[in-house]
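Okay, so here's the structure we're looking at.
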Amino acid sequence: MNIKAVLGILLAATELSFFASPIRAQTAGEVLKVFEPLKSPERKSRLIEGARKEGNLVFYGTLGVDASRPLLEKFRQAHPYISIGHYRSGSTGIYNRVVNEARAGKHEVDIIELSAGPVSDLIRGGLVDPYRSSETGAMRPEFIDPRHLWSAYHYLVVGLAYNKNLVKASEVPKTRHSDS
């Protein structure tokens, strides 16, 4: 995914509480549903207008400071009118923080950067709403969940190697799944 797409996703999150009803708190999915029928230029314009009024973005992520700082700095340069709150922790820390905030009726975070397992748990727990970034067109289709509950920004390739001196060729698994 290119940096423009990531910045677009960050921007999409910033207008959420601005557009939420003061009478009844809306979910992010309810808020963003209004923008779905809009064409990309109008949608982006409306998101920027809301972001200017909101003025705040809260990002929780596992990315190290060396990786998150350039990303968030690019966002600050593109949108200097938005203040960014950033909480960095491991997967368990972020997962627990999101779940505990939800239990307390707080919904502080706009964007969560987390690995697939904890994200699946948050989705199953009803703590993730669908969103459609105005930059979705810049993303590879396989990086976007069909339900729009997540988008990926990188592949994690896992390779398997073995020591031929210790493992016989006949003992090497031929498929991903074991028969045992």
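The values are calculated or read from the model by the stated rules, or taken from the named source; none is laboratory data. Every value quoted in this text rests on a predicted model; they were computed, and no experiment measured them. Neighbour counts are summed over all protein chains in view; Cβ atoms, including those assigned to glycine, are modelled from backbone coordinates with ideal geometry.
In region 113-130, the residues that are free of Cβ contacts under 8 Å to residues at least 24 places away in the same chain reach residues that are of a type outside the set (V, I, T) with C-beta atoms within less than 6 angstrom, at least six apart or across chains, in these pairs: V128/L122; V128/L149.
For R132, the conditions (1) surrounded by 15 or more Cβ atoms within 10 Å (Cβ to Cβ); (2) assigned to a helix (DSSP H, G or I); (3) of a type in the set (K, R) all hold with the exception of (2).
Filtered by the rule that a residue be outside any loop (DSSP other than H, G, I, E, B) and of a type outside the set (A, V, I, L, M, F, W, C), region 135-151 gives T136, G137, P141, E142, S151. Right, R69: more than 21 Å from L149 (Cα to Cα) and exposed (fewer than 15 other Cβ atoms within 10 Å of the Cβ) or not? For R69, the condition - more than 21 Å from L149 (Cα to Cα) and exposed (fewer than 15 other Cβ atoms within 10 Å of the Cβ) - is met.
I112 passes all but one of (1) in a strand (DSSP E or B); (2) in contact with a Lys or Arg (Cβ under 9 Å, 6 or more places away or on another chain); (3) under 19 Å from H154 (Cα atoms); which number fails? All conditions pass for I112, except number (2). For region 72-93, the candidate set comprises residues that are of a type in the set (D, E, K, R) and either in contact with a strand residue (DSSP E or B) (Cβ under 7 Å, 6 or more places away or on another chain) or over 17 Å from E113 (Cβ atoms) (or both); within that set, the residue that is surrounded by the most Cβ atoms within 10 Å (Cβ to Cβ) is R88. For region 135-155, filtering for residues that are exposed (fewer than 11 other Cβ atoms within 10 Å of the Cβ), closer than 21 Å to G64 by Cβ and touching a residue at least 12 places away in the same chain (Cβ under 8 Å) leaves 1. Counting the residues of region 51-71 that are in a helix (DSSP H, G or I) and in contact with a Leu (Cβ under 8 Å, 6 or more places away or on another chain) gives 3. In region 162-177, the condition of being at pLDDT 90 or above and either closer than 22 Å to F35 by Cβ or of a type in the set (D, E) (or both) is met by no residue. Only a single item in (1) at pLDDT 90 or above; (2) over 21 Å from E30 (Cβ atoms); (3) of a type outside the set (S, T, Y) is not met by L122, and it is number (2). Could you go through region 54-74 and let me know if any residue there is of a type outside the set (K, R), in contact with a helix residue (DSSP H, G or I) (Cβ under 6 Å, 6 or more places away or on another chain), closer than 21 Å to E30 by Cα and without any contact (Cβ under 8 Å) to a residue 60 or more places away in the chain. Yes, because at least one residue in region 54-74 is of a type outside the set (K, R), in contact with a helix residue (DSSP H, G or I) (Cβ under 6 Å, 6 or more places away or on another chain), closer than 21 Å to E30 by Cα and without any contact (Cβ under 8 Å) to a residue 60 or more places away in the chain.
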